[in-house]
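Participant: Here you go, one structure.
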Amino acid sequence: MPIEFNHERNIFSLNTKNTTLQIKIDRFGYLLRLYYGPAIQDPADYIVRSDDRSFSPNPGDAGLDDRTFSLDFLPQEYPSRGTGDFRIACLQVQNADGSTSCDLRYVSHEIRDGKYEIPGLPAVHATADRAETLVIIMEDRRTRLRLELFYGVLSERDVITRSVRIINRGSDTVVLEKAASACLDLIHGRYDFIHFAGSHNGERYFEKNSAMKGVRSVGSKRGVSSHQHNPFIILAEEGATETAGRCYGLAFVWSGDFLAETEFDQYEHTRVVLGIHPDEFRYPLRPNEIFLAPEVIMSFSAAGFTPLSHNFHKTILYNVCRGEHVLKKRPVLINNWEATYFDFTGDKILSIAEQASELGIEMLVLDDGWFGNRNDDFRGLGDWVANEKKLGGPLKDLVKKINELGLKFGIWMEPEMVSEDSDLYRAHPDWALTIPGKEPIRSRSQLALDFSRKEVVDNIFDQMCAIFDSADIDYLKWDMNRSLCDVWSAAARSTEQGTVRYRYVLGIYDLLERLITRYPRLLIEGCCGGGGRFDAGMMYYTPQIWCSDNTDAIDRIFIQHGTSFAYPVSAVGSHVSSVPNHQTGRSVNFDTRATVAMAGTFGYELDLSDLTAEEKEKIKQQVKDYNKYWRLIRTGDYYRLSNPAAGDRLAAWLFVSEDGSEGLLSVVTLSTRGNPPYDFVRLIGLDPKRMYRFENRILSGSALMNVGVPVPQAPDEYQSWQVHFHAV
Ligand code: GLA
């Protein structure tokens, strides 16, 4: 049974294929986290100790003479401020009388078939027979603030999800100052804190820090999940590797501000709390109002990072992403951004499309600059009307000509933004997020629209529909090119300004949901200056996201390596671009650029007329190869065979089909030197007993995985070697 309740001991067991999570309702009604790890049968309440620990306070229920019970050292499910627990809390409130304590006790629980949903928010989905839900209701008896803790158990995926619904059942407003989504208390062990940090053009580099007494955190206050830190973290037993060691992963299904904190406390317990960043959050909850905290996906692996990543890959691909594109082949596209930037005409776009069609490319994506007076990035955002002068006629005529060449057509938009030089801004200056009387903080010379307002979302939706209804458009690149500042809404009261950042994100989700409902065949690729909003929340609406504005194949190896810890390759937008690379100035050969882009959705972003005949022949072959391998890349298991972040001389990764009958190995040399040592890679994930045709040899899975294979000596750095092999 995925969810069991032991009535005698008041213990919930949440069981997946390989893991168990246990929660106990203790004698005072507090919820204690007993255990999360490899599957067990026994109740684990014997782990909980009670001792007289000086300076750890005792709740009133314990009485005057019992000093052995303290929430300051007990492992908890959803710790709140003001309970005598001085560690990081999930919940911080301010009550109507100014007090800040919230004392949550168990009220009741319910176990249901199927996976709960969160209205208006992205959440893991599963058919009723593949998931179960546990809801535990807690309440503060004094203020009647009620919390419903939701747990979704997806047994086959080894995944447990969490989210929280907060209801004010009292008669006074309670202000939520922090309402995180999940807590993970680990009673013993030392854990490395692994997170994925970076910048624009360099997102999600693998970072590992060993346990440190005190609090460590990463997060975003930029209104988006951010280039700088990703809302996915791993807590890994010291020394964990790809194939050994206990590790916990937590992914936030949310696209706005977040905070991921870990605390290693005085008794060497580890606490992890993940949720919305509290700094800019202040949510007054009036009587009978409800607040929904976004979802966290948790998974555990006892055998290192690889199984943990596979659990997340499968969950995100099959249980977060939605729509027909999850399993359908996505078109190999060519995007004109790095080929032309703003400097194009309809004829230029058509000439790219003509050449692309000869090479087998399947879709043309028209990037920024096709609308309003947008000939540079100082103006035009908000006016989603085709610039017919620039395009040489109506958009639909251009699309028709492209379609006649056998190509699909995709288009770029930045729906959340507005330029001051636009008709939209001139008509509705108060629709931009600015503070009256203060010079606005601009970024890329633009402002953000107030997506917490329905009329703003309605206007943009109508403008987008007019474009999608006017021509045959198969794909949308949804961009977002600034962090949010001056988040003040002309439509909110002063006491409600602290809700705007949360409601902004709900506005984006609302618009995306309306679009995918009205245009179910539309493939939407997310983008935020590349990978500034690369999170499971967006993936609920956009099954692929432009992974980084950095298209340099070597930098991409590092970016895609970090990205792969949580996110499936199907979500990674990746293109072959020209050299010298526009972001780094580096020149990498054509084959290597394609090898790296194939660990993603695969496409091109360059001016085809600059290519040699030989390069064009290569494109033909690469498109054929990708179309041969796409299913293996989409549904196969992805294995990291090297750690470029640790200075490995080469980068290697492998796709293995789920039935183990086929694989695609990719290797890129990252450095070279005179008289170099030989390099080898050991494969993972094959059937040891099966025989495979690997290049011109027949080798067992066991040999490929244990002996390994020699990497051909590279004549130069940045060479690639790609081998597709089959079981015989
Ligand atoms: C962002 C995107 C790029 C491109 C430009 C267009 O930077 O990440 O891919 O679309 O905007 O302005």
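The values are calculated or read from the model by the stated rules, or taken from the named source; none is laboratory data. Values in this document were obtained by computation on a predicted structure and should not be read as measured data. Here the Cβ positions follow ideal geometry from the backbone for every residue, glycine too, while neighbour counts run over all protein chains shown. What goes into the accessible areas is simple: the full protein's heavy atoms, side chains included, and nothing from ligands, DNA or RNA. Shrake-Rupley method; radii C 1.70, N 1.55, O 1.52, S 1.80 Å.
Participant: Can you go through S483, S452, S489 and tell me which one is surrounded by 15 or more Cβ atoms within 10 Å (Cβ to Cβ) and within 16 Å of the ligand (Cβ to nearest atom)? If you could, list the steps in order and put the result at the bottom.
Facilitator: Details: S452 fails: within 16 Å of the ligand (Cβ to nearest atom); S489 fails: within 16 Å of the ligand (Cβ to nearest atom).
Only one candidate passes the filter, namely S483.
Participant: Let me ask something else. Any residue at all in the range 302-311 that is of a type in the set (S, T, Y), part of a strand (DSSP E or B) and surrounded by 21 or more Cβ atoms within 10 Å (Cβ to Cβ)?
Facilitator: For the range 302-311, residues of a type in the set (S, T, Y), part of a strand (DSSP E or B) and surrounded by 21 or more Cβ atoms within 10 Å (Cβ to Cβ): absent.
Participant: Take the residues in the range 85-94 that are touching a Leu at 6+ places or on another chain (Cβ under 8 Å) and either open to solvent by 10 Å² or more (accessible area, probe 1.4 Å) or β-branched (V, I, T) (or both); name whichever of them is farthest from C183 (Cα to Cα).
Facilitator: Out of the qualifying residues, it is V93.
Participant: While we're on this one: Kindly indicate whether Y475 is away from the ligand (no atom under 16 Å from the Cβ), open to solvent by less than 20 Å² (accessible area, probe 1.4 Å) and out of contact with any helix residue (DSSP H, G or I) (no Cβ under 8 Å at 6 or more places or on another chain).
Facilitator: So Y475 does not fit the description; no.
Participant: To continue, here is another question. Quick one: would you say S54 is open to solvent by less than 50 Å² (accessible area, probe 1.4 Å), in the same structural domain as S163 (by TED's automatic domain parsing) and either at pLDDT 95 or above or out of contact with any helix residue (DSSP H, G or I) (no Cβ under 6 Å at 6 or more places or on another chain) (or both)?
Facilitator: In short, no.
Participant: Show me the helices (runs of 4 or more DSSP H) entirely contained within the range 435-548 in which 3 or more residues are closer than 24 Å to T601 by Cα.
Facilitator: 500-518, 536-539
Participant: If you go through the range 341-382 one residue at a time, how many are buried (at least 18 other Cβ atoms within 10 Å of the Cβ) and either at pLDDT below 95 or within 16 Å of the ligand (Cβ to nearest atom) (or both)?
Facilitator: The total comes to 18.
Participant: Specify which of the listed residues (A448, A466, A490) is modelled with pLDDT of 95 or more, touching a Leu at 6+ places or on another chain (Cβ under 7 Å) and of a type outside the set (F, W, Y). Steps first, please.
Facilitator: Details: A466 fails: touching a Leu at 6+ places or on another chain (Cβ under 7 Å); A490 fails: touching a Leu at 6+ places or on another chain (Cβ under 7 Å).
Testing whether each residue is modelled with pLDDT of 95 or more, touching a Leu at 6+ places or on another chain (Cβ under 7 Å) and of a type outside the set (F, W, Y) leaves just A448.
Participant: Please work out which one of (1) more than 14 Å from the ligand (Cβ to nearest atom); (2) open to solvent by 40 Å² or more (accessible area, probe 1.4 Å); (3) closer than 27 Å to N459 by Cα is the condition G393 fails and give its number.
Facilitator: All conditions pass for G393, except number (2).
Participant: Select from the range 60-78 the residues that are out of contact with any Leu (no Cβ under 7 Å at 6 or more places or on another chain), under 22 Å from L147 (Cβ atoms) and in a loop (DSSP other than H, G, I, E, B) and list them in ascending order. Step through it out loud before you land on a result.
Facilitator: Keep residues of the range 60-78 that are out of contact with any Leu (no Cβ under 7 Å at 6 or more places or on another chain), which gives 60-73.
Checking the rest, the ones that are also under 22 Å from L147 (Cβ atoms) come to 60-61, 69-72.
Listed by number, the residues that qualify are F69, S70, L71, D72.
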